[in-house]
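Supplied in structure tokens, the structure appears directly below.
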Amino acid sequence: MRSPKLHCIMLSAMLVFVAVTAANADWIREFRTEALYNSNVSRSNRDEDRLDDFAFGASVRFGKFTHLDSADKLRLTFALDLDSQAFAEFDDFNNISAGATASLRYRFGLGASAPFLRVEGSVHWADFNDELQDGVRSQFEVVVGKRVVDRLELQAGYVFDNTDTRTSLYDQQGHSVFVRAAFDVTSSTQLTAEYSLRRGEVVSYNVPPRPDLIALANTRLEVDIFGAPYVAYNLDATTQRGVFGIHQAITRNVGVSFRYELQSTTRSQIDYTSHVFLAAIQISL
Amino acid sequence: MFALLVLSATVRAGEIAATVTDQRGAPVEDAVVYATPRSGKAPQRAQSALIAHQNQQFVPYVTAVQAGSLINLPNLDPVKHHAYSISPAKKFDLPLYSGTPKEPLLFDKPGIVTIGCNIHDWMLAYVCVLETPFFAVTGADGRAQLRGLAAGAYDVEVWQPRLKGEPSANRQQIIVGGIPAKIVFAVDLRPGFRPQRNPAASNGMYR
């Protein structure tokens with residue numbers, strides 16, 4: 001909590017939280033722990049620079065949703081989030097973040113099949129082992145969705161993300177569009193697929209000399225994250241993501257998820273790819 | 001053998017002991033077995049029933065009533081629920097409430113009524129509204145006992161939320177009289193899909 005601006009944001013968020021703890025509200029109490037493998041945690045585009053790592057994460061989400069009208073067409077959800085991530089090798093990426101998420105959903109009719117429009121905003125303060133990466137992450141999202149048949153829900157949306165840190169190297173902004181599909185294979189098993197396209201700043205770590213990256217970079221900085229002389233380059237780039245997941249309910253309060261994510265980032269002749277495998281246990285009370 | 005003897009002894013005249021299995025021979029739960037007098041005149045014995053909101057599920061999952069019956073939907077949970085139906089046989093909307101609604105709902109039109117909760121999308125219940133008062137819902141063993149039937153000829157059908165096709169496709173005729181009546185249905189069911197609370201669901205449960 002080092003930014004005065006953040007204090008104001010958090011205070012405002014708390015006030016909203018108090019406001020929504022009125023009648024018609026239900027609690028959200030969610031806990032999650034995850035393990036992931038990232039094949040290219042350095043986001044390098046040359047094979048010899050590419051470094052992989054494992055990470056373990058835990059998160060807590062505590063909040064409420066409330067119905068702003070008696071027909072529950074308009075729903076406000078507010079939650080406080082606490083997340084942490086620890087990397088097996090490159091611990092400068094270890095971080096803990098705290099913040100709040102608020103979303104407003106309008107449903108055009110009754111029941112699960114009715115189409116909906118959701119607007120969501122979140123603000124989180126992230127504290128990294130590498131202090132240069134500390135900062136405020138905010139996101140704004142607009143989603144439309146519809147359950148087209150009993151088992152299949154489709155969503156499409158737009159996301160604006162902003163990361164404001166101690167150095168312009170890690171300051172990033174991006175605009176994304178996405179489509180998602182969730183298919184209920186059985187009563188307790190869900191398959192998901194997502195494709196997203198993001199245009200915005202990314203940070204790529206590579207071993208110098210890289211005159212090609214210098215020519216493209218908004219800014220660059222030598223870093224000591226990997227125990228070797230890497231340079232971090234802030235670039236404007238296009239990132240495509242494909243995500244496939246399986247989500248299994250174990251009990252009505254416990255579920256597990258397995259996810260594979262392919263990220264491909266391109267700028268001019270430079271591109272890099274990451275494969276991310278994730279396993280998570282979620283508890284919702 | 002002993003069990004069969006006991007079963008036969010307990011099936012009295014005026015009763016039908018029904019067994020419902022699926023295409024693989026497994027017992028089918030939550031199937032409504034109902035008998036309609038072939039004379040076409042079913043007595044009116046409309047009653048009242050309850051479908052509770054309990055642990056964020058509707059209990060029972062399947063209810064059968066005769067047309068003209070009253071059903072109330074008490075909320076036994078500490079959170080509010082919003083029960084609704086958009087089924088042609090009975091449309092209703094009970095926005096956000098706790099406790100028991102003052103007025104039960106009248107189900108006066110035969111047909112299948114699907115009930116949902118607008119807050120908890122996985123909550124689902126079915127009401128099978130029938131013209132006849134002779135019906136029963138199968139338990140986990142796939143068995144149901146229809147009682148109080150007058151002697152005579154009946155058309156017996158079965159309905160289940162996952163049933164493929166119309167109930168009339170499985171219609172059987174049976175004579176109820178002085179001897180125990182037994183009936184067995186082997187029905188085709190669609191693959192099981194009953195929404196349930198999934199904490200791992202990708203889109204979150206409350207967003």
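Among the residues of the range B:95-114, are any under 30 Å from B:Ala201 (Cα atoms), within 14 Å of another protein chain (Cβ to nearest Cβ) and not in a strand (DSSP E or B)?
Initially, the range B:95-114 is screened for residues under 30 Å from B:Ala201 (Cα atoms), giving B:95-99, B:112-114.
From the residues that got through so far, the ones that are within 14 Å of another protein chain (Cβ to nearest Cβ) too are B:95-99, B:113-114.
The next check asks that each one be not in a strand (DSSP E or B); those that pass are B:98.
Yes - at least one qualifying residue is present in the range B:95-114.
Of all the strands (runs of 3 or more DSSP E) wholly in the range B:119-207, which have at least 3 residues that are under 30 Å from A:Ile246 (Cα atoms)?
Details: elements: B:124-130, B:134-137, B:143-146, B:152-159, B:172-176, B:181-186.
Ranges flagged: B:124-130.
Hey, among A:Glu222, A:Glu194, which residue is among the charged types (D, E, K, R), closer than 17 Å to A:Ser264 by Cβ and assigned to a strand (DSSP E or B)?
Values: A:Glu222 fails: closer than 17 Å to A:Ser264 by Cβ.
Exactly one of A:Glu222, A:Glu194 is among the charged types (D, E, K, R), closer than 17 Å to A:Ser264 by Cβ and assigned to a strand (DSSP E or B), namely A:Glu194.
Taking the range A:200-212, which residues are surrounded by fewer than 19 Cβ atoms within 10 Å (Cβ to Cβ) and touching a residue at least 40 places away in the same chain (Cβ under 8 Å)?
A:Val207, A:Asp212
Testing B:Gly139 on (1) within 14 Å of chain A (Cβ to nearest Cβ); (2) modelled with pLDDT of 95 or more, one condition comes back false. Which one is that?
The number of the failed condition is (1).
How many residues are over 30 Å from B:Tyr97 (Cβ atoms), in contact (Cβ under 8 Å) with a residue 24 or more places away in the chain and either surrounded by fewer than 18 Cβ atoms within 10 Å (Cβ to Cβ) or acidic (Asp, Glu) (or both) if we restrict to the range A:72-93? Reasoning before the result, please.
Keep residues of the range A:72-93 that are over 30 Å from B:Tyr97 (Cβ atoms), which gives A:81-93.
Applying the additional criterion that residues be in contact (Cβ under 8 Å) with a residue 24 or more places away in the chain yields A:81, A:83-93.
With either surrounded by fewer than 18 Cβ atoms within 10 Å (Cβ to Cβ) or acidic (Asp, Glu) (or both) added as a condition, the list becomes A:81, A:83-84, A:86, A:88-89, A:91-92.
Residues meeting the conditions: 8.
Can you report the number of residues in the range A:92-112 which are within 18 Å of the chain's Cα centre (by Cα) and farther than 30 Å from A:Ala228 by Cα? Lay out the reasoning, then the answer.
Narrowing the range A:92-112 to residues within 18 Å of the chain's Cα centre (by Cα): A:93-103.
Then keep just the ones that are farther than 30 Å from A:Ala228 by Cα; that gives A:98-103.
Qualifying residue count, the range A:92-112: 6.
Within the range A:124-137, is there a residue that is surrounded by fewer than 15 Cβ atoms within 10 Å (Cβ to Cβ), within 16 Å of the chain's Cα centre (by Cα) and either of a type outside the set (Val, Ile, Thr) or part of a loop (DSSP other than H, G, I, E, B) (or both)?
So far as the range A:124-137 goes, no, none of its residues is surrounded by fewer than 15 Cβ atoms within 10 Å (Cβ to Cβ), within 16 Å of the chain's Cα centre (by Cα) and either of a type outside the set (Val, Ile, Thr) or part of a loop (DSSP other than H, G, I, E, B) (or both).
Quickly run through the range A:81-99 and pick out the residues that are assigned to a strand (DSSP E or B), more than 14 Å from A:Asp134 (Cα to Cα) and of a type in the set (Gly, Ala, Ser).
Once the filter is applied, which keeps residues that are assigned to a strand (DSSP E or B), more than 14 Å from A:Asp134 (Cα to Cα) and of a type in the set (Gly, Ala, Ser), the range A:81-99 yields only A:Ala86.
A further question on this structure: Of all the residues that make up the range A:178-196, how many are among the hydrophobic types (A, V, I, L, M, F, W, C) and under 14 Å from the mean Cα position of the chain (by Cα)?
At the first step, the residues of the range A:178-196 found to be among the hydrophobic types (A, V, I, L, M, F, W, C) are A:178-179, A:181-183, A:185, A:191, A:193.
Then keep just the ones that are under 14 Å from the mean Cα position of the chain (by Cα); that gives A:178.
Residues meeting the conditions: 1.
What number goes with the only condition from (1) away from chain B (no Cβ under 13 Å); (2) in contact with a Lys or Arg (Cβ under 8 Å, 6 or more places away or on another chain); (3) among the basic types (Lys, Arg) that A:Arg107 does not pass?
(1)
Still on this structure, please answer the following. Pick from the range B:68-86 the residues that are surrounded by 18 or more Cβ atoms within 10 Å (Cβ to Cβ) and under 28 Å from B:Pro43 (Cβ atoms): which of them is farthest from the other protein chains (Cβ to nearest Cβ)?
B:Ser69
Take the conditions more than 14 Å from chain B (Cβ to nearest Cβ), in a strand (DSSP E or B) and hydrophobic (A, V, I, L, M, F, W, C) and apply them to A:Val256. Does it pass?
Numbers: more than 14 Å from chain B (Cβ to nearest Cβ): no; in a strand (DSSP E or B): yes; hydrophobic (A, V, I, L, M, F, W, C): yes.
No.
Same structure again: Among the residues of the range A:45-71, which ones are surrounded by fewer than 18 Cβ atoms within 10 Å (Cβ to Cβ) and β-branched (Val, Ile, Thr)?
Within the range A:45-71, A:Val60 is the sole residue that qualifies.
Another question, if that's okay. Consider the range A:31-65. How many of its residues are assigned to a strand (DSSP E or B) and either more than 10 Å from chain B (Cβ to nearest Cβ) or under 20 Å from the mean Cα position of the chain (by Cα) (or both)? Step through it out loud before you land on a result.
To start, the set of residues in the range A:31-65 that are assigned to a strand (DSSP E or B) comprises A:31-38, A:53-65.
Subset that is either more than 10 Å from chain B (Cβ to nearest Cβ) or under 20 Å from the mean Cα position of the chain (by Cα) (or both): A:31-38, A:53-63.
The number of residues fulfilling the criteria is 19.
Only one residue in B:Lys109, B:Lys164 is within 20 Å of B:Val28 (Cβ to Cβ) and either among the charged types (D, E, K, R) or surrounded by 14 or more Cβ atoms within 10 Å (Cβ to Cβ) (or both). Which one? Before you say what the answer is, go through the steps one by one.
Numbers: B:Lys109 fails: within 20 Å of B:Val28 (Cβ to Cβ).
Just one listed residue meets the conditions, B:Lys164.
The values are calculated or read from the model by the stated rules, or taken from the named source; none is laboratory data. All values reported here derive from a predicted model rather than from experimental measurement. For neighbour counting, all protein chains shown are included, and Cβ atoms are generated from backbone atoms with ideal geometry for every residue, glycine included.
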